[in-house]
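Below you'll find the structure, written out as structure tokens, and then a few comments.
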Amino acid sequence: MTTTGTARPAAAAPPGTDQDTPGTGAVRAAAAWDLPAQPRAAARARDLTARTLRGWHVTDPDDTADIVLMVDELVTNAVVHGTGPVRLALRLDSPPHGDSAGGPDGGAAGALLTAEVSDADPAAPAAPGAPPPVLDWAEAGRGLLLVAALATDHGARPRPPGKTVWFTRRTAPAPPAAPEGTAAP
């Protein structure tokens, strides 16, 4: 898989980091885990991702479902096609306070989630092909196609001794906080 022409994200910050990004007012949260290269690693990655997103208040069901699915696909690929332990890293970069740039639809900008899955095999994954011309019920071979369809951006880069496959996803903006003394809708 190759980048789609944008700068690739930097490696995730150390696990559990919550910090202001200097000069931007944006808040960064990060977490990372080493997973065994075993079939159950994908289930563990789904659970860790879902819990982390809840903790970071990424609550839009579409965002959560898509992000968990993409992490599952990349971890599964790393276990099946990669070597050595698998490392999953998540980072959430919130837009600066008062950012009026807006999202792609002209609305408020949401946070940018970056997920990275690394393994020790240096072979880059093959770029996803086009969808089949006829309905194909095969379960294998659709992971990178799903990531390409659901991610804001995606790619792969060398990370000695292996590689890191990553995606970003712009999340829905958090609902506005209710003014003090009023109930949230």
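Karplus-based coupling profile of region 110-118, in residue order and whole Hz: x, 6, 10, 8, 10, 10, 10, 10, 10, with θ = phi - 60° in 6.51 cos²θ - 1.76 cosθ + 1.60 and x standing for Gly or Pro.
For region 24-75, a crude dipole built from +1 on the beta carbon of Lys and Arg and -1 on the beta carbon of Asp and Glu, taken about the Cα centre, is about 280 debye to the nearest 20.
Among residues other than Asp34 with Cβ under 13 Å from its Cβ, the summed charge is 0 (Lys and Arg +1, Asp and Glu -1). Using the alpha carbons alone, the radius of gyration of region 54-96 stands to its Kirkwood radius in an Rg to Rh ratio of 1.06.
Only the coordinates and a few stated rules stand behind these numbers; no lab work does. No experiment lies behind these values; they were computed from the predicted model shown. Methodologically, a virtual Cβ is constructed for each residue, glycine included, from the backbone with ideal geometry; neighbour enumeration extends over all protein chains shown.
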